[in-house]
Structures are given as structure tokens and as C-alpha cells.
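What follows is a single structure, written as C-alpha cells, with notes after it.
The values are calculated or read from the model by the stated rules, or taken from the named source; none is laboratory data. Note that the coordinates shown come from a computational prediction; the quantities given were computed from them, not determined experimentally. Cβ coordinates were reconstructed from backbone atoms using ideal geometry, including for glycine residues, and neighbour counts include every protein chain displayed. Accessible surface is based on the protein model in full, side chains and every heavy atom, while ligands, DNA and RNA are left aside. Shrake-Rupley method; radii C 1.70, N 1.55, O 1.52, S 1.80 Å.
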Amino acid sequence: MKKLLLILAILQFMISCNGQEKTDLLKLNLNEPVETLISENENTRKFIGTESVEYPFAILIEDADADKFSFSKIPLKGVYFLLSSKVNNQNINSEGRIFKTKEQLVKNLNELKKQNIDNKIFGFRAIISDKKSKTEIKKLLMKQFGKGTKNPNNENGLYWNIKSENKYIFYAPDYDRLIILNSENLSKTCYWDNINGMIKLENLECDTETYFKEMGVKNNE
């Protein structure tokens, strides 16, 4: 009986801990300090820097702890959090550092602050785990935000411009990605990344050269 009670106590403790650690990305305000969101698990990949596939004119904080993050209870493989940055496109190859703890992250952030890079996120890029998750996420987005707009650059991509919440949402299942951004300080006419391609928002005129200039990147450098 004592052994059984001990096992139940351990299980309850584990469930309690996991419940406290779980972060629902749908509920984020997209202005949280990134160090408050990172997993405590030192055995999962964590990275700070730039990464060519995910390049969005930002510093990326990757956390691959699948047990830490969900999207309204839908499982994910991990997440990239985005910090505003003026990254030159001649340096978009994977550059950065692996870290394990929040203390190591804070140390890296303190170095980045010298370059006027804030520690508050303006969005995230969630890594979708499987076909079932992709289907559930699509249904949830369409239920909550409407049918969305077809992304002309990839087969199954959709996007939403939620002006009332200052949000851009880019659903890119062909690339296993869900991207949600705080649009307050982003372009109101264009959006670009390597996954979604160049998108004209709300059918407004989108001058590519002007857009890249506004984002702090000089073309052809």
C-alpha cells in the first residue's frame, strides 16, 4: 500500500510539473521576454542566432522541447521565437550559439542588447509535428479567424491579416510551419520569408525593393 501511494505521489508530482511547464503559443501576446518562455529541459536543442531556412530579418531563439509547447493543446515539435533585428542578407547562413540554460540565454541576450536587440519577442515559428496536427491547426485557425487567404507561393499555404489583434498568421503545412507575428511594427503592405515567399497583404501595392530597405536589408549585398 505504501509503495502504491508513493508511486501515485510521484505520478501526481510529474503531472503537476508538466502542467506548469506547458506553454500554449496561441495565448501569447507576442511581446513577452523570451527568457520567460524557454524550457527548463537542458537536454533539448536550444539555439540563438540566425538560420537560413527560418530567415525573417530577426534573431531566432530555437527551443526543440516538444513537451514544453503546444498550440491550443495541439502538439508541436518545437518553436523559434523572433526578436527584432536588422540582419544583413549576406550573413543569413546558420550563425549563432547553442545554449542549455536560461542563464546562458540571458548572457547571450545581454550581448545582443549592445546591438540594440530587444529581448521581447514579436512572434514565433512553430514546427508542426505531423499530418494530424496540421489538420487540427488548420481547422482551429479557420474556426477562430475565418477561411484565410490562399498563399500564391505554395500549394497549401494560407494566411490571415488580423488587424483587430495586430497579428499576421501564416500557415505553411508544406514546410511544417505555423508563423504568428505581432504586426504592429511590421510592413502593412508586404511580408516575406524563405518559407512563404513574397506576399502582398490585403492586395496593396508591394514594392519589393522598398520592403527590403524598410526591413534594414540592402539588396544584392
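The residues of region 142-221 have, on average, 57 Å² of accessible surface per residue, using a 1.4 Å probe with all protein chains present.
With Cα atoms defining each centre, region 156-216 and region 25-52 are spaced 21 Å apart in the structure. Per atom type, region 114-179 shows carbon and sulfur on 45% of its accessible surface, probed at 1.4 Å. Which entries in K120/K200; K114/K167; K73/K100; K77/K132; K68/K134; K143/K200 show an alpha-carbon gap greater than 22 Å? Over 22 Å apart, Cα to Cα: K120/K200; K114/K167; K73/K100; K143/K200.
Under 5 Å from the amide H of T23 lie the amide H atoms of F69, S70, each residue being 5 or more positions distant or on a separate chain, with H modelled from the backbone and absent for Pro and chain starts.
Is any residue of region 61-75 close enough, with backbone N under 16 Å, to a label point placed 7 angstrom from the Cα of N41 along the Cα-Cβ axis, and if so, which? The answer is 62-71, 73-75. Under 5 Å from the amide H of C190 lie the amide H atoms of L201, each residue being 5 or more positions distant or on a separate chain, with H modelled from the backbone and absent for Pro and chain starts.
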